[in-house]
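Only one structure is covered here, and it is reproduced in the block below.
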C-alpha cells in the first residue's frame with residue numbers, strides 16, 4: 001500500500017485545470033474518462049481525486065472554458081461529456097505557456113550545481 | 001425559480017456521479033472482477049460521494065438562502081447523528097430562550113403595550129400631582145379641567161377614577177361588587193376606543209351634574225352577566241341605588257386606562273356624585289382623578305412637562321388654600337406610580353436579569369459542548385478543508401449547525417413561553433382586584449424570539465466555529481483523527497467557559513440561599529399579633545345606602561351579636577387589615593407639647609378599630625385602657641398609640657392624657673399598645689395610631705374579626721347569618737382565614753425564594769453538565785497518555801488524582817470567583833432580605849460545599865472511565 005502512495009504526486013492547484021483542458025483537446029470526454037486518460041498518460045503516477053476533478057470540471061464550465069452535453073458512450077452508457085469551447089482553447093494556450101515557463105524556470109534552478 | 005434550478009443542478013450532478021460509478025464498475029467487470037466486488041471497488045475508488053457532491057455544488061454557489069438551506073440540511077444530518085448532544089443543547093437553549101420570551105411577553109403586556117384596545121398607547125402620558133411631602137397623588141377635577149384647557153401639547157386629556165361599587169341588574173335581588181371607572185366624557189374619543197355594540201358616551205352627553213345616567217359595559221361583563229344578549233342596550237343597571245342605562249359594549253380586550261386592573265364598566269364623570277357620593281367635583285381637595293394625556297404628534301414629553309409645570313405654578317399662586325406646594329409630574333404611562341406596572345417594574349427588572357443570566361449559561365454550555373465535539377470532528381473538518389472548502393465556508397457551515405440548534409431551542413422556547421405567559425399571576429399579590437393584562441404571544445414576541453434565537457446562535461456558535469474551522473490539517477489527517485488532542489487555545493476557551501458557568505451558578509445559588517433563608521425567617525417571625533383562628537370578613541354598606549353613622553351602628557350591633565355565637569371567643573372590627581395590600585390611612589397630627597423638626601415626616605399611619613380589638617388580635621395593651629362603650633360621638637375623643645409613637649413624642653413620660661389634633665379635632669391618648677408589623681415583615685418600628693370606630697363615622701366599610709378555638713372557616717355561615725339577620729341585603733365582600741391572608745403577605749419572599757431556587761438549581765445543573773463535558777472529552781483525548789502512565793506503573797489512584805485534580809482546579813477557581821461576584825451581586829438583593837445579611841457566611845459556605853460536591857461527581861464519572869483504561873488496549877492503537 002505504502003509504495004503506491006509514495007508514487008503518487010499531488011497536483012498543484014491550477015495544474016489540474018491545465019490537464020483537463022489538455023485532455024479535452026482530443027475530443028469530448030466524460031469525467032471518468034478524463035481521470036482515466038490522465039492516469040494512463042502519466043504512467044499511473046497522477047491520480048485524479050474525484051473530490052478535485054468534479055469541482056474543477058464544474059468550475060471550468062462555469063467560466064465557459066468547457067461546455068457539457070449528455071451523450072451515449074460507445075458502450076451505450078449515458079454520460080455527461082465535456083468539450084472545449086473557443087475560450088477554453090485560448091485559455092489552454094495561455095496556461096500551457098505559463099506552465100512551460102514555470103517548468104523551465106524550475107528546471108534551470110535544479111540543474112545549477114549546489115555551491116557549498 | 002432559482003430553487004428549481006438548484007434541484008436541476010443537483011439531479012444533474014447525481015446522474016453524473018452515478019454514470020461515473022457505472023463506467024468504473026463496467027471497466028472492472030470487463031477486467032474480470034466479480035460484479036459485486038467491481039461495484040464496491042468503484043465506490044471505494046471514488047471516495048466519499050456526498051463530500052464530492054458538496055464540493056462540486058460549492059462551485060455553483062447559488063443564492064445565500066439556498067446555501068443556508070443546504071447548510072441547514074447538512075447540519076440536520078450531523079445533529080441527527082448525535083442525538084444526546086442535540087437533546088441537551090436544544091433543551092438548555094429552549095429554557096434560556098423560552099425564559100426570555102416569557103419575560104419579554106410580560107414586559108410587553110405590563111410596560112410596553114399595557115392598554116389593550118387603545119390606539120397608539122405609546123403617545124399617552126400619566127399626569128400626577130406631587131404633594132408637598134413628595135408623594136405622588138391623584139388630582140382634583142378642577143385641576144384636570146385647568147390642565148386640559150390651558151395646555152397645548154396634548155391632543156386630548158382624560159380623567160379616570162377607579163371605583164368599586166355594588167351593582168345589581170334589573171331583576172337581581174343581591175348586589176355584587178365590581179370594579180369600574182368613572183371617566184371624563186371624552187375618554188373613549190381620546191383613547192380611540194369604539195363600541196363593539198351600541199355606542200360610547202362622548203362630550204355631547206355631558207349636560208350637567210347627575211344628568212346623564214349612562215353606562216358602558218366591558219365585553220367580559222356583558223358576556224358573563226348578560227350572556228352576550230344584544231338587547232342589553234337600553235336596559236338599566238342599579239349602581240349604589242341609582243339607575244344607569246346601558247348604552248354600549250366596549251370592544252373585547254379593552255380593560256380601561258389603569259394598567260392591569262380590569263374595569264367592568266364606565267360611567268361618565270358628570271355622574272360622579274351619584275356613583276361615588278361624598279367626593280366633590282368643585283373642590284381642589286381631596287383629589288381622586290388619574291389624569292392621562294395624549295401627546296400631539298409633534299409634541300415631546302419635555303414640552304408637555306414644562307407646559308404643565310407652568311400651569312401648576314399658576315394654580316399654586318391662584319389657589320393657595322389647597323394647591324400650595326402641590327406640583328405636577330409627567331411621565332410615560334409605564335412609569336406612573338399607580339397601576340400594576342408600578343408594582344411589577346422591580347419584579348420584571350429582576351426577572352430580566354435572571355433570564356438573561358440563564359440564557360448566558362445555556363450559551364456557555366452549548367458552546368462548550370460544541371467545542372468538545374469539535375475535537376472529535378477534527379478529521380471531518382480537515383477532510384472538507386482539504387477538498388477545497390474555504391474557511392469562511394466552514395465557519396458558515398458550523399454556524400448554520402448552531403443556528404439549527406438555536407432554532408430548535410427557540411421553537412421549543414416559544415412553546416414554553418406560550419404556556420408560561422399566565423405564570424405572571426404568580427408574581428401578583430392576591431389582592432381583591434380583577435387583574436386584566438393583555439398577556440399572550442403575539443407577532444412582536446415571536447419577532448423578538450426569532451432575533452434572540454439568531455443572536456444566541458452567534459453567541460454560542462461563533463467562537464467554536466472559528467476554533468474548529470482552523471484545523472491542523474496535517475496532524476488531523478495523518479493521525480487518522482484518533483488521537484487528535486484539543487489545541488491549547490481551544491482548551492483554554494473551554495476551561496474559561498466552565499469557570500464562568502460555575503461563577504454564574506454560585507451567584508444564582510447564593511442569591512437563592514439568601515432568599516430562601518429570608519422566607520424561612522419571615523415565615524417564622526411573629527407579626528406582633530396572633531393571626532391564627534381568626535375569621536376576617538370584609539364588608540362595605542355604602543352600596544346599601546348607609547351613612548357612616550348608620551354603618552357604625554350596624555357594625556356595633558353585629559359585633560354584639562357575634563359575641564353571643566357559640567364558639568366565638570372574641571370579636572371586633574378594624575378598617576384596614578395590617579400586612580395586607582389594600583388600603584392604609586395616614587394623618588398629619590399636631591402633637592400637643594411637641595414641635596416637629598422642619599424635615600421630620602409628619603405623616604402617621606392609623607387604623608380605626610372597634611372595642612376589644614387588641615384582645616381579639618392578641619396585641620398586648622401596655623398602659624391605660626382599651627376603647628370602651630363610653631367612647632361615643634358625644635364624649636371626649638380618644639385614641640390609642642403604639643409603643644414607638646409613645647417613645648417618639650413623649651419620651652420618659654406617661655403618654656396617657658396627652659392630646660393630639662387630627663382633622664381639626666383634639667384626641668386624647670388613653671392607652672399604649674405594643675408595636676406590630678403594619679405593612680411588611682422587614683419594616684422598621686414606626687409610629688402608629690388607633691382611633692375608635694364609635695367616634696369615627698367617615699366610612700361605611702369595615703373588616704369584621706372573629707376569633708375562635710378551631711378552624712375559623714367553620715364560623716363562616718354563622719357570621720353570614722348574623723349579618724343578614726340585621727340587614728338581609730347587606731353586602732359581604734369576602735370572608736377569609738386571617739392567617740391564610742397573612743401567609744399571602746409573605747408572597748414577595750415566597751416568590752423570590754421559589755424562583756431563585758429553581759434558577760439556582762438550573763444554573764447548577766448546567767454548570768455540572770459543562771464540567772462533566774470538558775472532563776469526559778479530556779479523558780477520552782488523553783486515553784493513550786493515561787495508558788502509558790499506567791504501563792509505566794501509575795496505579796488507579798494516580799489516574800483518579802490526575803483527572804479529578806484537573807476538574808477540581810476549575811471548580812475551585814469558579815467557586816472562588818463566584819463567591820467574590822456573589823458578595824457584590826447580593827447587595828442588590830438587600831431590599832428582599834429578611835433576618836439575614838447579604839454576606840451570610842452560612843449560605844456562602846453551603847453553596848461552596850454544594851458546588852464542590854457536584855463538581856466532584858462531575859469529575860468522578862470521567863475519572864472512573866479513565867481508571868478503567870486498559871494500558872494494553874490503549875497502547876495497541878499506536
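The values are calculated or read from the model by the stated rules, or taken from the named source; none is laboratory data. Keep in mind that this is a model prediction, so the values were computed, not measured. Note: ideal-geometry Cβ built from the backbone for every residue, glycine included; neighbour counts use all protein chains shown.
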Q) Do we find a residue being more than 8 Å from every other protein chain (Cβ to nearest Cβ) and out of contact with any helix residue (DSSP H, G or I) (no Cβ under 9 Å at 6 or more places or on another chain) anywhere in the stretch B:53-62? A) no
Q: Being in contact with a helix residue (DSSP H, G or I) (Cβ under 8 Å, 6 or more places away or on another chain) and surrounded by 12 or more Cβ atoms within 10 Å (Cβ to Cβ) is the filter; apply it to the stretch A:71-83 and report the residue that is farthest from the other protein chains (Cβ to nearest Cβ).
A: A:83
**Q.** Count of residues meeting criterion [more than 8 Å from chain B (Cβ to nearest Cβ) and in contact with a helix residue (DSSP H, G or I) (Cβ under 9 Å, 6 or more places away or on another chain)] in the stretch A:37-56
**A.** 11
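Do we find that residue A:67 is more than 11 Å from chain B (Cβ to nearest Cβ), touching a strand residue (DSSP E or B) at 6+ places or on another chain (Cβ under 7 Å) and modelled with pLDDT of 90 or more in this structure? Even if it seems obvious, please write down each step before you answer.
Details: more than 11 Å from chain B (Cβ to nearest Cβ): yes; touching a strand residue (DSSP E or B) at 6+ places or on another chain (Cβ under 7 Å): yes; modelled with pLDDT of 90 or more: yes.
So residue A:67 passes the test.
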Q.
Can you tell me which of (1) on the phi > 0 side of the Ramachandran plot; (2) without any contact (Cβ under 8 Å) to a residue 60 or more places away in the chain is the one residue B:597 doesn't meet?
A. (1)
Q: Of all residues in the stretch B:17-44, count the ones that are closer than 18 Å to residue B:383 by Cβ and either touching a residue at least 60 places away in the same chain (Cβ under 8 Å) or more than 8 Å from chain A (Cβ to nearest Cβ) (or both).
A: 2
Q) With respect to residue B:762, is the statement that it is in a helix (DSSP H, G or I) and not assigned by TED's automatic domain parsing to the domain that holds residue B:676 true? A) yes
Q.
Is it the case, given these coordinates, that residue B:192 is at positive phi and either over 34 Å from the mean Cα position of the chain (by Cα) or modelled with pLDDT of 90 or more (or both)?
A. yes
Q) Looking at B:573, B:515, B:535, which one is crowded, with 20+ Cβ neighbours inside 10 Å, at pLDDT 85 or above and in the same structural domain as residue B:644 (by TED's automatic domain parsing)? A) B:573
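Against the definition (at pLDDT below 75, assigned to a helix (DSSP H, G or I) and closer than 26 Å to residue B:499 by Cα), how does residue B:756 come out, yes or no?
no
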Q | 2 or more residues farther than 28 Å from residue B:122 by Cα: qualifying helices (runs of 4 or more DSSP H) within the stretch B:173-292 | A | B:219-226, B:272-275
Q: Quick one: which residue in B:160, B:103, B:118 is more than 30 Å from residue B:769 (Cα to Cα) and not in a loop (DSSP other than H, G, I, E, B)?
A: B:160
